[in-house]
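Peer 1: Below is one structure. I have some questions about it.
The values are calculated or read from the model by the stated rules, or taken from the named source; none is laboratory data. As the structure is a prediction and not an experimental result, all values here were calculated from the model. Neighbour counts run over all protein chains shown; Cβ positions are idealised from the backbone, glycine included. Heavy atoms of the whole protein, side chains included, go into the accessibility calculation; ligands, DNA and RNA do not. Shrake-Rupley method; radii C 1.70, N 1.55, O 1.52, S 1.80 Å.
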Amino acid sequence: MVNTETICYLCNKKFSTLALIYLQAENIFKSFGDLEVLSDVSLSLFQGQRSALVAKNGTGKSTLLNILAGYDAPDSGKVILRNDIRIGYLPQEPLLDPSKSIIENVFTADDEVSSAIRYYEKATETNDKDTLQMAIDEIDRLNIWDREHKAKQILSVLQLTKFNQPVAYLSGGQRKRVALASVLISEPDLLILDEPTNHLDLDMVEWLEDYLIRSQKTLLMVTHDRYFLDRVCTQIIEMNQKQVFTYNGNYSYFIEKRDERIRSKQAEIDRANNLLRRETEWMRRMPKARGTKAKYRIDAFYKLRETAQQRIGSEDVEISTGASRLGKKIMGVKNLTKIFDNKTIIKDFTYTFNRFERLGIIGANGTGKTTFLNLITGNLQPDSGIIDCGATVKIAYYKQSGMEFPDDAKVIDVVRKIADVITLANDKTITASQFLNNFLFTPEKQYTYIRKLSGGEKRRLYLLTILMQNPNFLILDEPTNDLDIFTLNVLEDYLINYPGVVVVASHDRYFMDKIIDGLLIFEGNSEISGFPGNYTEYRQWVKEQGIKDENKLPQKNKTQRQQRQQSEKKKNKLTYSQKKELEQLTIELEKLEQEKKEIENLLNTCSLTPEQVLEKSSLYNEISKIIEGKELRWLELSELDS
């Protein structure tokens, strides 16, 4: 049996011991065949708490939510729910009736109110005045006009304004939004949401944040959106190595206290290891005839050894792929135009990509973001315009719907189909199996069939198949969907140091702020504008300008900004990303020169072995070549800035 440890860190909000327990899970165990997913999981949800479940992909987050919501049953253990509590559940893959309309799917409950609203919606589509009057009388009797009005308000915010459109014609993202609207409108006592921010644009995410905070609902959710966690949550529940840790605070508080917990646990293990060496020596010397005191010490020894053998291991994804050499010419698009069904999505758009650029793409759904990415990658042909790509550019495209793995294939076979050997950033090579291990696919997991992987594990596999191609122009379309927070942190660190161009279309504000240094804003009606900064800086600028819709810049403000950018360009002759590159080159050259000097000093000491002299000389030559290349680029940028 695995122990379940609960650690409660009290911050600003304290919950009374008299608070109502809405839901309690005790010793939940669940397995699928020989795969153990959940083991002895226990947790409690109190009235008014807004909790988030945080864990690595494949640890059973969605399975646990299914069990808590009553959609699945545990193999052992139990879930206790207060008799009068109603649960609203948004699964990752919601089930809707494709033959029914949006509004009918929103009011799917069998209660009297939902039935009356569905009856009214059908009556409005007929010319039968008697039927319509009966429906109106029923709505009046139940006093539920406000509920229908609220439903249409929420659907409008979620950009689902064709209320009578059949669900069969909706995309996967639109269906998820219909299911979200249905859950919110049903006004349950306890909301359980699995990745509610997926398929929402930035405005929708911020609206949902405000809605959940204002409504004061009791909430349990899984999400990778760290700003969302920070603003909405009052409690974080971490599942790690088959234990549960509870932190009464938001995401920032969780990160701080989690680090404290890990440091404290590591110190305990270190102390146990130090003491174990002494006790092991005693055990070896101990005679066979042992007294009571000796037996007590022996029992203590085995407990000590158990503690010393614990591993709190990082178990983080290790991304260390290389990138192909990138020449001076990257990519330029000129007068790009694309039209679908007589609707112009992109019109006469011109842009030049720079080396090491970190570009973010934002805008409401349907404004052409994915169309633009498909055009520059050659997946779509423009109706007019030119896409001029450099000879050394090697593009890799991580798509929203790019996972096309056969269910009956094994994980290792998917990777080997691309390459048996992968080149890393340090030019070393590793096997496909070793590379999978870096991405937390254990040797056992590598021979698992694709159909048995969780959604997050499939996403992680898809990500590694993209990175193992060693691209130098990386395009990521919603890369954060279904990836756990820990994988995202590692991916962010990798992208910050990535030696190539990165283009990201994402609704994850935290991810965008950390990665990008410039934006393309898709405003709709084929309008595209630029902004030299990250998402938060852009939002602040929008507020300062008094713009209500951030995706639609007033022509006056847009013209003023274009004039300001042109003025700055004439003055500096450098783009924002080029200025950033020049600053970074200055720092890097200083570090490289220092490293080169240290090697020179070592070589002059005559204290090195012949092998060390050979190794240091080789490193010295390598650093000298890197400095030479970076100095040439530094001079090139400096001339532009003069």
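Peer 1: If a/c stays under 1.5 just call it rounded; otherwise compare a/b with b/c (prolate if a/b is bigger, oblate if not). Do that for region 365-417, with a ≥ b ≥ c from the square roots of the Cα gyration tensor eigenvalues.
Peer 2: The shape class here is oblate.
Peer 1: Quick query: amide H of PHE46 versus all other amide H atoms, modeled in the peptide plane; which residues come in under 5 Å with a sequence gap of 5 or more or a different chain?
Peer 2: Under 5 Å from the amide H of PHE46: TYR22.
Peer 1: What whole-number distance in Å separates the alpha-carbon centres of region 332-346 and region 42-79?
Peer 2: The two parts, judged by their Cα centres, are 46 Å apart.
Peer 1: Moving to a separate point now. If you take the Cα Rg of region 161-218 and divide it by 2.2 N^0.38 Å, with N the number of residues, what do you get?
Peer 2: Here the answer is 1.18, to two decimals.
Peer 1: Please get the size of the charge dipole for region 73-222, origin at its Cα centre, with Cβ charges of +1 on Lys and Arg and -1 on Asp and Glu, quoted in debye to the nearest 20.
Peer 2: Charge dipole of region 73-222: 140 debye, to the nearest 20.
Peer 1: What FRET efficiency comes out for the pair ILE85/SER638, r = Cβ-Cβ distance, R0 = 60 Å, nearest 0.05?
Peer 2: Efficiency at R0 = 60 Å is approximately 0.35.
Peer 1: Could I ask something else about it? Enumerate the calculated ³J(HN,Hα) couplings along region 71-85 in order (Karplus 6.51 cos²θ - 1.76 cosθ + 1.60, θ = phi - 60°), each rounded to whole Hz, writing x wherever the residue is Gly or Pro.
Peer 2: Values, residue by residue: 7, 8, 10, x, 5, 8, x, 8, 10, 10, 10, 4, 4, 9, 8 Hz.
Peer 1: Additional query: Given H placed on each backbone N at 1.01 Å, which residues far from LEU440 in sequence or on other chains put an amide H within less than 5 Å of it?
Peer 2: GLU318
Peer 1: With θ set to phi - 60° and the Karplus curve 6.51 cos²θ - 1.76 cosθ + 1.60, what are the ³J(HN,Hα) couplings of region 167-178 in order, to the nearest whole Hz, using x for Gly and Pro?
Peer 2: Karplus-based 3J(HN,Hα) across region 167-178 equals 5, 4, 8, 8, 6, x, x, 5, 5, 4, 6, 4 Hz.
Peer 1: So what is Rg over Rh here for region 393-439, counting just Cα atoms and using Kirkwood for Rh?
Peer 2: 1.01
Peer 1: Continuing with this model, one more query. Could you sort SER506, SER638 by their accessible area in this structure, using a 1.4 Å probe and putting the largest first?
Peer 2: Result, largest first: SER638, SER506.
Peer 1: Then there is this: Consider all pairwise Cα distances in region 322-447 and report the whole-number % of them above 20 Å.
Peer 2: The proportion of pairs with Cα distances above 20 Å equals 60 percent.
Peer 1: Now a separate question. Restricting to Cα atoms and excluding each atom paired with itself, what does the Kirkwood estimate give for region 38-185 in Å?
Peer 2: In region 38-185 this quantity evaluates to 17.7 Å.
Peer 1: Looking at region 91-172, which GluC sites (Glu not before Pro) are DSSP coil and have at most 13 other C-beta atoms within 10 Å of their C-beta?
Peer 2: Here the GluC sites (Glu not before Pro) that fit, given the DSSP loop and packing criteria, are GLU125.
Peer 1: At a probe radius of 1.4 Å, what is the per-residue accessible area of LEU35, in Å² to the nearest 10?
Peer 2: 70 Å²
Peer 1: Amide H to amide H, which residues 5 or more places from THR108 or on other chains are under 5 Å from it, using H placed in the peptide plane?
Peer 2: Residues meeting the amide H criterion: none.
Peer 1: Mind listing P(r) for region 140-261? All alpha-carbon pairs, 5 Å bins, whole percents.
Peer 2: For region 140-261, the binned pair fractions read 2, 9, 18, 20, 17, 13, 9, 6, 4, 2, 1, 0 percent.
Peer 1: Could you give the length gained by full extension between GLN266 and GLN133, i.e. 0.36 nm per residue of separation minus their alpha carbon distance, to one decimal place?
Peer 2: 40.8 nm
Peer 1: With a 1.4 Å probe and all protein chains kept in place, how much accessible area does TYR247 have, in Å² rounded to the nearest 10?
Peer 2: So the heavy atoms of TYR247 present about 0 Å² to solvent.
Peer 1: I've got another one for you. Ignoring everything but the protein chains, give the 1.4 Å probe accessible area of LYS630 in square angstrom, nearest 10.
Peer 2: Spelled out: LYS630, probe radius 1.4 Å, area about 60 Å².
Peer 1: For region 352-477, report the accessible area per residue in Å² (1.4 Å probe, heavy atoms, rounded to an integer).
Peer 2: Result: 43 Å² of accessible area for each residue.
Peer 1: Work out, step by step, the length gained on full extension between LEU619 and TRP207: first 0.36 nm times the residue separation, then minus their alpha carbon distance; give nm to one decimal.
Peer 2: 142.9 nm
Peer 1: Which shape class, rounded, prolate or oblate, goes with region 218-275 when its Cα gyration tensor gives a ≥ b ≥ c as root eigenvalues, a/c under 1.5 marks rounded, and past that a/b bigger than b/c marks prolate?
Peer 2: Taking the square roots of the gyration eigenvalues as a ≥ b ≥ c, region 218-275 is prolate.
Peer 1: Additional query: Which value, in Å³ per residue, describes the convex hull spanned by the Cα atoms of region 408-557?
Peer 2: Convex hull of Cα atoms, per residue: 136 Å³.
Peer 1: Could you please put MET239, MET403, MET221 in sequence from largest to smallest accessible area, using a 1.4 Å probe?
Peer 2: Largest to smallest exposure gives the sequence MET403, MET239, MET221.
Peer 1: Let me ask something additional. Where in region 24-80 are there chymotrypsin sites (Phe, Trp or Tyr not before Pro) that are in a DSSP coil and have at most 15 other Cβ atoms within 10 angstrom of their Cβ?
Peer 2: TYR71
Peer 1: Let me spell out the model: positive unit charges on the Cβ of Lys and Arg, negative unit charges on the Cβ of Asp and Glu, origin at the Cα centre of region 34-85. What dipole size does that give, in debye rounded to 20?
Peer 2: Roughly 320 debye for region 34-85.
Peer 1: Report the Cα centroid-to-centroid distance between region 578-629 and region 160-175 in angstrom, as an integer.
Peer 2: When both Cα centres are located, 59 Å separates them.
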